[in-house]
1. Under the condition of being among the acidic types (Asp, Glu) and touching a helix residue (DSSP H, G or I) at 6+ places or on another chain (Cβ under 7 Å), which residue from the range 186-219 is surrounded by the fewest Cβ atoms within 10 Å (Cβ to Cβ)?
2. Is it true that some residue in the range 158-180 is in contact (Cβ under 8 Å) with a residue 24 or more places away in the chain, farther than 17 Å from Val25 by Cβ, out of contact with any Lys or Arg (no Cβ under 8 Å at 6 or more places or on another chain) and basic (Lys, Arg)?
3. Among the residues in the range 284-306, are any within 20 Å of the chain's Cα centre (by Cα) and farther than 29 Å from Leu159 by Cβ?
4. When you scan the range 324-338, how many residues do you find that are touching a residue at least 60 places away in the same chain (Cβ under 8 Å) and closer than 18 Å to Glu102 by Cα?
5. Given (1) surrounded by 16 or more Cβ atoms within 10 Å (Cβ to Cβ); (2) without any contact (Cβ under 8 Å) to a residue 60 or more places away in the chain; (3) touching an Asp or Glu at 6+ places or on another chain (Cβ under 7 Å), where does Ala222 come up short, assuming only one miss?
6. Among the helices (runs of 4 or more DSSP H) lying completely within the range 138-217, list those that include at least 3 residues that are aromatic (Phe, Trp, Tyr) and not assigned by TED's automatic domain parsing to the domain that holds Asp319.
7. Quick one: which strands (runs of 3 or more DSSP E) lie wholly within the range 219-335 and hold at least 1 residues that are in contact with a strand residue (DSSP E or B) (Cβ under 6 Å, 6 or more places away or on another chain) and closer than 21 Å to Pro22 by Cα?
Amino acid sequence: MTLDDIKRVDPKGMYRWIADFPKQVEEAVAIGKRAAIKLNAKRVRNIVLTGLGGSAIGGDLLRTYLSEELKIPFIVNRHYFLPAFVGTETLVIVSSYSGNTEETIAAHKDATKRKAQVLCISTGGETSVLAKKFKQPWIQIPGGLSPRAALGYSFFPLLVAFQKLGLIKSKEKEIKETIALLKQKSAVFADPTVSENAPLRLAEQLHGKLPIVYSTTEHLDAVNLRFRGQAAENAKQLAFGHVLPEMNHNELVGWNVLTDVMKQMHVVFLKDKTTHKRVAMREAITKDVVSKYAAQVSEVWSDGVSLLARMFYLIHFNDWVSLYLAVMNNKDPEPVAVIDYLKNELAKVK
């Protein structure tokens, strides 16, 4: 594969967006530091981030990243309405890249009606209009990207905001390491001509196969979801997955019938050094079971010292896998025509 091969199917420049992700992270951190966030953190007893798709995945990653530090409950909401517990002691984060996601707008109005504290993040749109109307803090992020390509903007300003509010300890050291690691790895991952390009090698193995993605620690649950979402939106191919140890209590049994279909499956285990020793044992047994049916089984290990760096290494790795798969599938990675069709059909009925 060459850069010309990529340019042929990628006129909008998804390649460049992924390659520039380390710079996006730097800019996103700066945006978070500049943002004026006037909220009463002492009153917050629970947190709800409401959003969909590429705007929600940042919340998923934030929730899993902070699961062992944040002292209050934090959930991600993907609906028109909010859970019943939301009230004056709730911090509701309204995340919509365009600012015009209809489900998120409805949930935003619901949060305001219930007198929750609200923090908004978007490029503009109705979300910014409502934030100004109700005098709610709004973090403005740059436009011009697909929401899924703006993950840095949807994650890092919120991470910095949590620091400002005193909800978590400073992550300056972890952020610095993450940016340095992403810059180092992106220089290799962006070159399709080098043999050390591990995402390209995995994409070659996944081409023509159905990826099944398993992860072995809760910190990678959202990374797993991101992998599958990027395969669908960028490469235009399905990918399925589950998490251990949960899949040992249900999905593992399904590796039994439809053996001809299973021969077209490639299982990818996303791995991290924090995996519980019993889960590691479960993984070894699981791998033995599925390898009898699947076309191939692969492992992708995290890299880096801090958890933040390890998570975003895997995210960046998998974003490149999806880009290279798109080229192999001869699909433009940027447009999501069927989602546009769905929105247009919904717009016909108010």
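1. At the first step, the residues of the range 186-219 found to be among the acidic types (Asp, Glu) are 191, 196, 204, 218.
Checking which are touching a helix residue (DSSP H, G or I) at 6+ places or on another chain (Cβ under 7 Å) leaves us with 196, 218.
Values: Glu196: 9, Glu218: 17.
This residue is Glu196.
2. Taking every residue of the range 158-180 in turn, at least one turns out to be in contact (Cβ under 8 Å) with a residue 24 or more places away in the chain, farther than 17 Å from Val25 by Cβ, out of contact with any Lys or Arg (no Cβ under 8 Å at 6 or more places or on another chain) and basic (Lys, Arg).
3. Looking for residues that are within 20 Å of the chain's Cα centre (by Cα) and farther than 29 Å from Leu159 by Cβ, one finds none in the range 284-306, hence no.
4. Kept after step one, since they are touching a residue at least 60 places away in the same chain (Cβ under 8 Å), are these residues of the range 324-338: 324-336.
From what is left, the residues that are closer than 18 Å to Glu102 by Cα are 336.
The total comes to 1.
5. The single condition Ala222 does not satisfy is (2).
6. Details: elements: 151-164, 172-189, 198-206.
In the range 138-217, the matching helices (runs of 4 or more DSSP H) lie at 151-164.
7. Values: elements: 240-243, 265-271, 296-301.
By residue number, 296-301.
Table: residues versus (1) of a type outside the set (Phe, Trp, Tyr); (2) in contact with a Leu (Cβ under 8 Å, 6 or more places away or on another chain); (3) at pLDDT 95 or above.
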{"site": "Ile168", "(1), (2), (3)": "yes, yes, yes"}
{"site": "Glu174", "(1), (2), (3)": "yes, yes, yes"}
{"site": "Glu177", "(1), (2), (3)": "yes, yes, yes"}
{"site": "Pro192", "(1), (2), (3)": "yes, yes, yes"}
{"site": "Glu196", "(1), (2), (3)": "yes, no, no"}
{"site": "Leu200", "(1), (2), (3)": "yes, no, yes"}
{"site": "His207", "(1), (2), (3)": "yes, yes, yes"}
{"site": "Val213", "(1), (2), (3)": "yes, yes, yes"}
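The values are calculated or read from the model by the stated rules, or taken from the named source; none is laboratory data. The structure presented is a predicted model; accordingly, all values stated were derived computationally and were not measured. Because the Cβ atoms are built from the backbone with ideal geometry, glycine has one as well, and the counts that use them run over all protein chains shown.
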